[in-house]
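Colleague: Here you go, one structure.
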Amino acid sequence: MTSTTEIVHPSSGSIRFLLNDREIALSTVAPTATLLDFLRLERRLTGTKEGCAEGDCGACTVLVGRLVAGKLVYEGVNACIRFVGSLNATHVVTVEHLAARDGTLHPVQQAMVDYHGSQCGFCTPGFVMSLYGLWLSKDNPGRADIEKALQGNLCRCTGYEPIVRAAEAVATARPDAVFDPILKMRDRVRAFLSGLPTGETIVLGPSDARLVVPGSARALAEALAEYPGATVVAGSTDVGLWVTKQMRAINPVIFINGLADLQSITEAPDGITIGAGVTYSLAFSTLARRLPPLGKLLDRLGGDQVRNMGTIGGNIANGSPIGDTPPPLIALDATVTLRSVSGTRTLPLQDYFIAYGRQDRYPGEFVESLFVPALPADEHFAVYKISKRRDEDISALCAAFRIALSEQGLVTSARIAFGGMAGTPKRATAVEDALIGKPWTEETVTAARPAFDLDYQPLSDWRATSAYRAVTAKNLLLRFYLETSGSPAELVRFEAAE
Amino acid sequence: MDTSTFQERKTIRGGMHKNLRHDSAHKHVAGSADYIDDMPEPAGTLHAALGLTDRAHAEIVSMDLSAVEAYPGVVCVLTARDMPHSNDISPSHLDDEPVLADGRVEFHGQAAFAVIAETRDAARRAARLASIVYNDLPHAIDVTQAREAGGKLVTKPLTLSRGDAAHEMQNAPRRVKGEMRIGGQEHFYLESHIAFAIPGEDDDITVWSSTQHPSEVQHMVAHVLGVPSNAVTVQVRRMGGGFGGKETQGNQFAAIAAVAAKKLNRPVKFRPDRDEDMACTGKRHDFLVEYEVGFDDEGRIHAVDATFAARCGYSSDLSGPVTDRALFHADGAYFYPHVRLTSEPLKTNTVSNTAYRGFGGPQGIVGAERMIEEIAYALGKDTLEIRKLNFYGEKGSGRDLTPYHQQVEDNIIGKLVADLEESADYQERRADILAFNAQSRIIRKGIALTPVKFGISFTMTAFNQAGALVHVYQDGSIHLNHGGTEMGQGLYTKIAQVLADSFQVDIDRVKITATTTGKVPNTSATAASSGTDLNGMAAADAARQIKERLVAFAAERWQTTPDRISFAPNHVIIGEERVPFADLVKQAYFARIQLSAAGFYKTPKIHWDRNTGRGTPFYYFAYGAAVSEVSIDTLTGEYMVERVDVLHDVGRSLNPAIDIGQIEGGFVQGMGWLTTEELWWDDKGRLRTHAPSTYKIPLASDRPKIFNVKLAEWSENGEETIGRSKAVGEPPFNLPISVLEAISMAVASVGGYRRCPRLDAPATPECVLMAVERMRVAL
């Protein structure tokens, strides 16, 4: 696996995974074949439903198990935007697998029946799988945990109340001896997954429908050199829609979600290095601990299914003007490292976004990692996301504020960035200038309001009007001031203790 | 050893008035409940996709479909000309709804052709390859633009009037005039539309359709094909949600699938993508309500004059009865001594709006509650005080006539609201909130109690009929079929309970079977909350007939009289003898007794004359009330629903578990309509909120933090409905108007409660913040 010529071998290897209790090995896979179609059309496993085909409704939720640092982890994902080519070395669990052979329902399923958690039933398999994922991963979850676990599942009939009751009931009443398909086959799954070759690059399909699963970062660089126009797919939470909605041709495709080289999180006193392939879910605990406002933001980014698939690297690589993580990362002065066969280069994240739809990334380059400098203990930092619906919504605007104060209470530095206010995530330099050197008071904050209009001329769209974005951005600076001066004023659904 | 099976049970399992799980619940959770897309596909099944236009209003100059036809896997392309008999599927029979656009496009996303291909993927990809040349015409997207363009209507408007509103308005001590915009709503059933047509011999065709109205799909398919209705069989076991969106909107998919299936003699499945479903099927009507209300210093209404203008879309569909029902509910729970209400069903270049839970009624009630708010803020009083002052009176009080001249005979709103006011601690909490707001700078709270009175019956009198077909087999097992459809509301479960109760057998003996036009003909849509009322009575009628035959047979065989025969749990008591139900059935069979019956029901008492605006369109009213408490952030307009208390009237509940599910679910769905669910068209008339990524229905974390739902257990339907129950589908949808009004109160606090915030719906964070900003200016 050292030269690019090896990668262009017509076909080598196969996509191997477990589907419920069966081993699957696919040597021909269309790069854009989705897991949902594979389940429903090829395997006739029709319990998993298509509600939206864009990863927003959760009716297609299945669990995907994989080894993360040697530990077997199961996570809910949206099968509709998960590509079959990304399933190598996983265990896919569908709703059909939950009940015992004799038809006895799993406690999670039985609770949904007992508490009248289904009406039309179409979303139900997805809810069952999300609740099952929670059941596996958390003992005795509270209401906040349950609501978070259900952020990626839409139900139009029940109003959710009976589903939450079912989740609470099954959380507190776990029978000692219970049939559980995953617990039962844990050893077998572990043996299967650890028995698969590591570091091997899989190349499938004819040259016009090439699918590459690189086994190392180096192999990824080589593959990109070979196919500079290839689509690099990590979580597919965005690319999935290019396929299901826009029906775009994205060949050739390089799947990097299983690439261990890109999945490390390294903590150091001066900051955190996050591999581009780290999912939001895996980054959560570190980020929430080191930078609590970022944890709060991640709690409201997508639903669990999206957080389990999507990566911060992807959020940056795709250059969306409304991506949620760039504003805080810019405020934190994060840097991004790009890699290609000719080496790596590192640049400030704020310089990476050039204009709408344009980033400073050459063909053949990929985002390798991100470095987030540590926040000095005496600095104030906050992130505010404003959306029509509180959870699992795209920001109308997303604000990140960071200031340092002198002992006299003067603003010594300010880094402010917004998403949703311009064609790219963008610094509010005029506002920063209006604050720096001034006393951190409400008068200063009020006086800085006009500066927003110098920084931003936001657009009107279906998420918000220009006027709303402009007013709210200014008001959020006041919210930040109030928060830093000890009188926070923000709606809270659950107290932190919960 | 479990001896329970040997003990005689005193009651049956699953009779009426029992908490019983949904009949398919165990299948829902196991993924084994089959929806139409889950059915095995016969060999040779083809798939359809729509070719959509991208102009709001245009003539089609030319349409080049050669690239579509040439795409690999495409079998044929259908256009309007390929409809064998008719290209029209107008449910109002006004000939204004083409299956496929014929020379003229009237909304962005209207289908101009359909592709039939070997795979769904091929059909979808090919559908994008058409080259269409348009000649653009001026378009009107909303009510304002439609009026500016001349105010063309899709159907005849309605006026309801009683007394002399114009004169009394002049004489009223105080008057307020205003307007309110009330948004539409996408149904967002989780299962999008689907039709699966399987051709048969001769003219025959069977269509599996996700529809609330199999008979209409049958008629439309027959009409388009030019075959008699008896050649078309339409079936549906369950839908993944309907909410009105599958009352007429499935016709297009079924018709195209059927035409293609007959033309090609192969099965054809048609499942549009979610985005296409949202772009090209109708939604709840949005309204502009212009009102004037005259009242006195106490807050008592003297006169109301209001116009309800609706964006109907490009065709009539159900807009006539929808806008009628808005007027029927523009009185809320209030007596208007003098009133004049007018509808304005405007034609717009948008998708044709359609039925949606409440069918215009909620928009009418929202308008009524806005007028109450206006009075309260004008007088500086609590809205609840104004509400109570204006409630309908008892029968015969002189305050019991609706604007359509129906007497309200069953009014329980006074007691219901009084009960809730107390159980929810309304007054104490309101006082706390006023105190909180006085000292809280950024976060403000609001609380509101709103009532619901909802008229039950189709306003089209003929629709208030239903049939059921019941077979008892020799082993005593029972086969149930009726004209209602199951979309999650638990109708099948409730009707099975009715049958179990009638025969006094355990419900597991009753097999619930898919709705099909072949078993029960000429059915009405499962709509207007009427499913249980109508089909329950029809099933009970079928059971009655079979029971009468069994009793007559038993009386003869056992040489006794009918009055000494009764149905006990799983047995029939004949004189002194206790005969197992199945044994009696077997003997009856050998005695050649007919063990099958077709039941029928029509709602008594109702009549309605649209021309005079007078009648008794509703058999009875369902009532309810809710108290909602919210917090808002006056910097961003964000809000949170802190607590909701509901007391709702379902008469004597047939199944409290299912009814509470309807109330909770209806509440959250209605809350979504009034808060985060915003339909947004751009200036080209393109709907930009056409997927769950952009159109935001409530999540688990949006539901009230504290949610107490109770049934008014003391209520019983005064009319002879099935088990004295009341309809439950639509009425609770109106309860979350209390959320909108609670938000409104929180906003009003910014202006010292001296001005009505005039908060439009949906009250998105933006809408709330802008109202807050208006209040700041008012200071």
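Colleague: Are any of the residues in region B:642-651 aliphatic (A, V, I, L, M), in contact with a Lys or Arg (Cβ under 6 Å, 6 or more places away or on another chain) and within 9 Å of another protein chain (Cβ to nearest Cβ)?
Modeller: Within region B:642-651, not a single residue is aliphatic (A, V, I, L, M), in contact with a Lys or Arg (Cβ under 6 Å, 6 or more places away or on another chain) and within 9 Å of another protein chain (Cβ to nearest Cβ).
Colleague: Out of all the residues in region B:460-476, is one or more of a type in the set (Phe, Trp, Tyr), touching a Leu at 6+ places or on another chain (Cβ under 9 Å) and within 14 Å of chain A (Cβ to nearest Cβ)?
Modeller: no
Colleague: Within region B:1-105, considering only strands (runs of 3 or more DSSP E) that don't extend past its boundaries, which have at least 1 residues that are modelled with pLDDT under 95?
Modeller: none
Colleague: What helices (runs of 4 or more DSSP H) completely inside region B:237-340 contain at least 2 residues that are in contact with a Gly (Cβ under 6 Å, 6 or more places away or on another chain)?
Modeller: Output list reads B:274-280, B:319-328.
Colleague: Taking only pairs six or more apart or across chains, which ones have beta-carbon atoms under 6 Å, a first residue in region B:663-689 that is farther than 19 Å from B:MET278 by Cα and at the interface with chain A (Cβ under 9 Å from one of its Cβ atoms), and a second residue that is hydrophobic (A, V, I, L, M, F, W, C) and surrounded by fewer than 24 Cβ atoms within 10 Å (Cβ to Cβ)?
Modeller: From region B:663-689, the pairs are B:ILE663/B:VAL709; B:GLU664/B:VAL709.
Colleague: Take the residues of region A:471-494 that are within 11 Å of another protein chain (Cβ to nearest Cβ) and of a type in the set (Val, Ile, Thr): which is farthest from B:ASP682 (Cα to Cα)?
Modeller: The residue in question is A:VAL492.
Colleague: Follow-up. Among the residues of region A:92-124, write down those that are more than 30 Å from A:ARG190 (Cα to Cα), over 28 Å from the mean Cα position of the chain (by Cα) and free of Cβ contacts under 8 Å to residues at least 24 places away in the same chain.
Modeller: A:VAL113
Colleague: I would also like to ask the following. Going by the structure shown, is A:GLY55 on the phi > 0 side of the Ramachandran plot and facing another protein chain (nearest Cβ under 10 Å)?
Modeller: Here the answer is yes, as A:GLY55 does meet what is asked.
Colleague: So which strands (runs of 3 or more DSSP E) are wholly in region B:112-205 and hold at least 3 residues that are in contact (Cβ under 8 Å) with a residue 60 or more places away in the chain, charged (D, E, K, R) and more than 14 Å from chain A (Cβ to nearest Cβ)?
Modeller: Strands (runs of 3 or more DSSP E) meeting the threshold: B:174-182.
Colleague: Moving on. Quick test for you: out of A:GLY103, A:GLY58, A:GLY76, pick the one residue that is under 16 Å from A:SER281 (Cα atoms) and not polar (S, T, N, Q).
Modeller: A:GLY76
Colleague: Check every one of the strands (runs of 3 or more DSSP E) wholly within region A:314-366 and list those with 1 or more residues that are buried (at least 20 other Cβ atoms within 10 Å of the Cβ) and at pLDDT 95 or above.
Modeller: A:335-340
Colleague: Going by the conditions given, is B:VAL234 assigned to a strand (DSSP E or B), aliphatic (A, V, I, L, M) and at pLDDT 95 or above?
Modeller: Criteria met by B:VAL234.
Colleague: Looking at region A:430-470 only, could you name the residues that are over 15 Å from A:SER413 (Cα atoms), more than 14 Å from chain B (Cβ to nearest Cβ) and among the acidic types (Asp, Glu)?
Modeller: Correct list: A:GLU443, A:ASP453, A:ASP455.
Colleague: Filter region A:213-232 for residues that are among the hydrophobic types (A, V, I, L, M, F, W, C), out of contact with any Ser or Thr (no Cβ under 7 Å at 6 or more places or on another chain) and assigned to a strand (DSSP E or B) and give the result.
Modeller: Answer for region A:213-232, where residues must be among the hydrophobic types (A, V, I, L, M, F, W, C), out of contact with any Ser or Thr (no Cβ under 7 Å at 6 or more places or on another chain) and assigned to a strand (DSSP E or B): just A:VAL232.
Colleague: Now for a different question. Go through region B:114-128 and report how many residues are surrounded by fewer than 24 Cβ atoms within 10 Å (Cβ to Cβ) and within 25 Å of B:ASN349 (Cβ to Cβ).
Modeller: 1
Colleague: If you take the residues of region A:288-306 that are assigned to a helix (DSSP H, G or I) and in contact (Cβ under 8 Å) with a residue 60 or more places away in the chain, which of them is nearest to the chain's Cα centre (by Cα)?
Modeller: Per the stated criteria, the residue is A:VAL306.
Condition check ((1) away from chain A (no Cβ under 14 Å); (2) among the hydrophobic types (A, V, I, L, M, F, W, C); (3) under 30 Å from A:LEU476 (Cβ atoms); (4) touching a residue at least 24 places away in the same chain (Cβ under 8 Å)) across all residues:
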site: B:ILE574; (1), (2), (3), (4): yes, yes, no, no
site: B:LYS602; (1), (2), (3), (4): yes, no, no, yes
site: B:ASN611; (1), (2), (3), (4): yes, no, no, no
site: B:SER653; (1), (2), (3), (4): no, no, no, yes
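Colleague: Looking only at region B:347-383, how many residues end up being surrounded by 24 or more Cβ atoms within 10 Å (Cβ to Cβ) and either assigned to a loop (DSSP other than H, G, I, E, B) or at pLDDT below 95 (or both)?
Modeller: The qualifying residues number 14.
Colleague: Going by the structure shown, is B:THR516 at pLDDT 95 or above, crowded, with 24+ Cβ neighbours inside 10 Å and either of a type in the set (S, T, N, Q) or within 24 Å of the chain's Cα centre (by Cα) (or both)?
Modeller: For B:THR516, the condition - at pLDDT 95 or above, crowded, with 24+ Cβ neighbours inside 10 Å and either of a type in the set (S, T, N, Q) or within 24 Å of the chain's Cα centre (by Cα) (or both) - is not met.
Colleague: Out of the residues in region A:402-430 that are of a type in the set (Lys, Arg) and farther than 19 Å from A:SER387 by Cα, state the one that is surrounded by the fewest Cβ atoms within 10 Å (Cβ to Cβ).
Modeller: Selected residue: A:ARG427.
Colleague: Tally up the residues in region B:433-452 that are touching a helix residue (DSSP H, G or I) at 6+ places or on another chain (Cβ under 6 Å) and basic (Lys, Arg), please.
Modeller: 2
Colleague: Mind counting the residues in region A:87-107 that are touching a Leu at 6+ places or on another chain (Cβ under 8 Å), crowded, with 22+ Cβ neighbours inside 10 Å and within 8 Å of chain B (Cβ to nearest Cβ)?
Modeller: Residues that pass the stated criteria total 2.
Colleague: Residue by residue through region B:431-457, note down the ones that are in a loop (DSSP other than H, G, I, E, B) and either more than 27 Å from the chain's Cα centre (by Cα) or crowded, with 24+ Cβ neighbours inside 10 Å (or both).
Modeller: Selection gives B:SER440, B:ARG441, B:ILE442.
Colleague: Further question on the same structure: Test B:ALA80 against the stated conditions and say whether it is free of Cβ contacts under 8 Å to residues at least 40 places away in the same chain and small (Gly, Ala, Ser).
Modeller: When the stated conditions are applied, B:ALA80 passes them.
Colleague: Pick from B:ALA657, B:ALA626: which is in the same structural domain as B:TYR426 (by TED's automatic domain parsing), more than 19 Å from the chain's Cα centre (by Cα) and in a helix (DSSP H, G or I)?
Modeller: From the options B:ALA657, B:ALA626, the qualifying one is B:ALA657.
Colleague: Right, another one. When only residues in region A:256-278 that are assigned to a strand (DSSP E or B) and touching a Ser or Thr at 6+ places or on another chain (Cβ under 8 Å) count, which is nearest to A:LEU211 (Cα to Cα)?
Modeller: Among those residues, the one meeting the criterion is A:GLY275.
Colleague: Which one of the conditions (1) touching a Gly at 6+ places or on another chain (Cβ under 8 Å); (2) facing chain B (nearest Cβ under 10 Å); (3) within 29 Å of A:GLY195 (Cβ to Cβ) does A:GLY133 fail to meet, given that it meets all the rest?
Modeller: (2)
Colleague: Here is a follow-up. When you scan region A:31-43, do you find a residue that is over 22 Å from B:ALA122 (Cα atoms) and in the same structural domain as A:VAL239 (by TED's automatic domain parsing), even just one?
Modeller: No, every residue in region A:31-43 fails to be over 22 Å from B:ALA122 (Cα atoms) and in the same structural domain as A:VAL239 (by TED's automatic domain parsing).
Colleague: Could you list, in sequence order, all residues of region B:678-704 that are farther than 19 Å from B:ALA761 by Cβ and not in a loop (DSSP other than H, G, I, E, B)?
Modeller: B:ALA700, B:SER701
The values are calculated or read from the model by the stated rules, or taken from the named source; none is laboratory data. Since the model is a prediction, treat every value here as computed from it, not as a measurement. All Cβ positions, even for glycine, are placed from backbone atoms using ideal geometry, and neighbour counts span all protein chains on display.
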